[in-house]
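Shown next, in structure tokens, is the structure this report addresses.
The values are calculated or read from the model by the stated rules, or taken from the named source; none is laboratory data. Because the structure is a prediction, the values reported are computed rather than measured. Positions of Cβ are backbone-derived with ideal geometry, glycine not excepted, and every protein chain shown enters the neighbour counts.
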Amino acid sequence: MSTPAGQPAASGERVPAEFGAVRRNGVMSFHLWAPKQAGVSLLIDGRDPLPMRRESGGRFTLITAAPVGTRYRFLLPDGSTVPDPASRFQPDDVHGPSEVMASDAFDWSDANWRGLPWHEAVIYELHIGTFTPDGTFRAAAAKLPYLKSLGVTAIEVMPVGDFPGRWSWGYDGVLLFAPDSCYGRPEDLKAFVDRAHSLGIAVLLDVVYNHFGPEGNYLPLLAPAHTTRHVTPWGEAVDYGRRETPSMRDLVLANVRMWIGEFHLDGLRIDAAHEIRDSEPGHILTAIAEAARIAGGGRTVHLVLESARLEAVRVSAKGAFDGQWNDDLHHALHAAVTGESGKDYADYAGRPDVLARALAEGFQAGRGKGDKEALSPSAFVSFLQNHDQIGNRAHGDRIGTLAPLKARRAAAAAYLLAPQIPMLFQGEEWAAATPFPFFSDLAPAFASAVRDGRVAAFEVDPDDLLDPFAPQTFAAAKLDWSEQRQSRHARVLDWYRAILRVRRREIAPLVVGIRRAGAWTVDDGVIRIRWEGEAKDLMLTLNLAAEPAPLSAPPRGRVIWQEGRITNGLCPPWFVAWSVRRRG
């Protein structure tokens, strides 16, 4: 006799609760968590409503014949219908019926793929809808050999959980288990991952567990999904404080297991982790990490946090996460090369010491909790651009329109060869001229509030802000791959390929042995940093400024990359020199 979901098993461990349409040994069972409803029926096209059995914890279950491809909804006592909150596919968007999927039907070819060592990671962040003209999983898969030739070893895909409308960044998703139909079918996403693995590329997925989007979230009708104890900047917070079964903890952990186990993903990036709050023992973030690694079986699974605060223990050697996004480094690099000093950049402009600390230690002084200096540099993911930092500008303008080429190359050389884990944003490698503005396709009832919020945030006239809901805003964000044939873009692409070859050859072997923060100094604006490795030290000399500066001594060791030339004891503007030296 099997143990009911959510109840203690013979080993004492809790059997994971099941959600959605589950096929096991040829039998289809439907599971809905709806403690707020007195009764629920399964509604399948062409059939009378089928009452579901209510079980403990507000679970409703039903076993019935339903072949793959069957479309279904849940019928509530008031006559309204809702899609499955754990739907695996929504062919007609978030308000339509859910489709029964065969989760075990895909023919994988990656049996020998064991994952990517973290120290070898060169991450490429991409948005499926704008990465290619077609904006689909299949079209993105066709570009994977290009990413391989560029030197990319890991892809971070922006959220794909089903969102309302025809386009979105993905952070207003409402159905966590269903890849959005705009991008293709679930098997297309699996084929994308399978192809990446065949090329030696890992795939991480950006997931949003801190809030749901405003349109199409039916969970509050069914279950206690949200809490009033705090709110996020984007709406009601998810309630992870409940420990009964089922709960939002169970739902999210089931989602983690699906992405890692069923879709063979190599890891997750947790969006806005600081808004995922849990005051009870066994924090949900720890539970997410444990579930992901168990679901990975023998594969290496990587977990990355985006958080407004640093909790060093989570990304330490004993922590559950591999790395955290380093916004401090981005802000310091951006302020240095653009001269911008407002809002986000006020604490970074004209501060080479802050830049040095962000490169050497990961975060500037006063940030975070715990012993930051003891963290390995690979506990930080560094970048010059990402979706947030481009898209949260009024016009989504890239740094290529804000800073000269020499400055951008110097900043890129600083982060691409640092022992932190580098992440490029789609098109950065050829200085794509296309913007990446914020775009969404919410219904008009929700769109006006979003428009008003963005106007207030940027303090601009509404006519001077790109309309996120206009089709042309989304269309403008699509990469123009023909730019690579233009000489100025082709030269940038060649430069990125060359420096990533140096990273693979010289830096990746060192990163695994660099376990502590670097030692840094700033003299007359010139930054010097030394990271101690097991056999070699890695050293950086950097003048990320538009003016020359005195240099007391030339770079030590064997120089492996240099931007600019030292003349008469002066470090030129936008100078970078990376060197290695054997210890002892």
Next on the checklist: Which of the numbered conditions does ASP172 fail, given that it passes all the others? Conditions: (1) out of contact with any His (no Cβ under 6 Å at 6 or more places or on another chain); (2) part of a helix (DSSP H, G or I).
Outcome noted: (2)
Checklist entry - Taking the stretch 68-107 on its own, how many of its residues are within 34 Å of the chain's Cα centre (by Cα) and surrounded by fewer than 13 Cβ atoms within 10 Å (Cβ to Cβ)? => result 5
Next on the checklist: What pairs come out if I take residues in the stretch 255-270 that are in contact (Cβ under 8 Å) with a residue 60 or more places away in the chain and over 21 Å from ALA102 (Cβ atoms) and pair them with residues that are crowded, with 19+ Cβ neighbours inside 10 Å and hydroxyl-bearing (Ser, Thr, Tyr) whose C-beta lies under 9 Å away, six or more apart or interchain?
Outcome noted: ILE270/TYR209; ILE270/SER307
Item to check | Entirely in the stretch 45-156, the helices (runs of 4 or more DSSP H) that have 3 or more residues that are modelled with pLDDT of 95 or more, in contact with a Lys or Arg (Cβ under 8 Å, 6 or more places away or on another chain) and not aromatic (Phe, Trp, Tyr) | outcome: 144-150
Checklist entry - For the stretch 17-38, which residues satisfy the criterion of being surrounded by fewer than 17 Cβ atoms within 10 Å (Cβ to Cβ), within 20 Å of ARG257 (Cβ to Cβ) and modelled with pLDDT under 80? => result ASN25
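Yes or no, residue by residue, for (1) modelled with pLDDT of 95 or more; (2) closer than 30 Å to LEU116 by Cα; (3) surrounded by fewer than 19 Cβ atoms within 10 Å (Cβ to Cβ); (4) not assigned by TED's automatic domain parsing to the domain that holds MET158:
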residue: PRO352; (1), (2), (3), (4): yes, no, no, no
residue: PHE363; (1), (2), (3), (4): no, yes, no, no
residue: ASP371; (1), (2), (3), (4): no, yes, yes, no
residue: SER376; (1), (2), (3), (4): no, yes, no, no
residue: PHE383; (1), (2), (3), (4): yes, yes, no, no
residue: TYR415; (1), (2), (3), (4): yes, yes, no, no
residue: PHE425; (1), (2), (3), (4): yes, yes, no, no
residue: GLY453; (1), (2), (3), (4): no, no, yes, yes
Next on the checklist: So if I check each of ALA223, ALA141, ALA196, which one is in the same structural domain as GLN389 (by TED's automatic domain parsing) and either over 30 Å from ALA433 (Cβ atoms) or surrounded by fewer than 22 Cβ atoms within 10 Å (Cβ to Cβ) (or both)?
Outcome noted: ALA141
Checklist entry - Given SER149, SER109, which one is assigned by TED's automatic domain parsing to the domain that holds GLY297 and not β-branched (Val, Ile, Thr)? => result SER149
Next on the checklist: Among the residues that make up the stretch 306-316, is at least one of them of a type in the set (Ser, Thr, Tyr), part of a loop (DSSP other than H, G, I, E, B), at pLDDT below 95 and out of contact with any strand residue (DSSP E or B) (no Cβ under 9 Å at 6 or more places or on another chain)?
Outcome noted: yes
Checklist entry - On the given criteria, is TRP520 in contact (Cβ under 8 Å) with a residue 12 or more places away in the chain and under 26 Å from the mean Cα position of the chain (by Cα)? => result no
Checklist entry - Pick from the stretch 544-566 the residues that are free of Cβ contacts under 8 Å to residues at least 40 places away in the same chain and not in a loop (DSSP other than H, G, I, E, B): which of them is farthest from LEU500 (Cα to Cα)? => result PRO550
Next on the checklist: Please verify whether VAL203 is under 17 Å from the mean Cα position of the chain (by Cα), surrounded by fewer than 24 Cβ atoms within 10 Å (Cβ to Cβ) and in the same structural domain as THR136 (by TED's automatic domain parsing), treating the condition exactly as stated.
Outcome noted: yes
Checklist outcome for this item: (1) over 26 Å from the mean Cα position of the chain (by Cα); (2) among the aliphatic types (A, V, I, L, M); (3) in the same structural domain as GLN420 (by TED's automatic domain parsing); (4) closer than 14 Å to LEU417 by Cα all hold for ILE529 apart from (3)
Checklist entry - Within the stretch 34-44, can you find the residues that are over 11 Å from THR81 (Cβ atoms) and in a strand (DSSP E or B)? => result ILE44
Checklist entry - Any residue at all in the stretch 108-116 that is surrounded by 18 or more Cβ atoms within 10 Å (Cβ to Cβ), closer than 30 Å to GLY69 by Cβ and not charged (D, E, K, R)? => result yes
Item to check | Qualifying positions in the stretch 454-501 - outside any helix (DSSP H, G or I) and more than 25 Å from PRO233 (Cβ to Cβ) | outcome: LYS478, LEU479, ASP480, GLN486
Checklist entry - If you check PRO573 against the conditions, is it part of a loop (DSSP other than H, G, I, E, B) and not acidic (Asp, Glu)? => result yes
Next on the checklist: Looking only at the stretch 157-169, count every residue that is closer than 17 Å to ASP188 by Cα and either assigned to a helix (DSSP H, G or I) or not acidic (Asp, Glu) (or both) and tell me the total.
Outcome noted: 5
Checklist entry - Which of the residues spanning the stretch 238-262 are small (Gly, Ala, Ser) and either at pLDDT 95 or above or buried (at least 21 other Cβ atoms within 10 Å of the Cβ) (or both)? => result SER247, ALA254, GLY261
Checklist entry - Before we move on, is ASP467 of a type in the set (Asp, Glu) and closer than 19 Å to TYR171 by Cα? => result yes
Checklist entry - Only one residue in PRO471, PRO548, PRO572 is within 31 Å of the chain's Cα centre (by Cα) and at negative phi. Which one? => result PRO471
Item to check | Selection from the stretch 502-530 of residues that are acidic (Asp, Glu) and in a helix (DSSP H, G or I) | outcome: GLU506
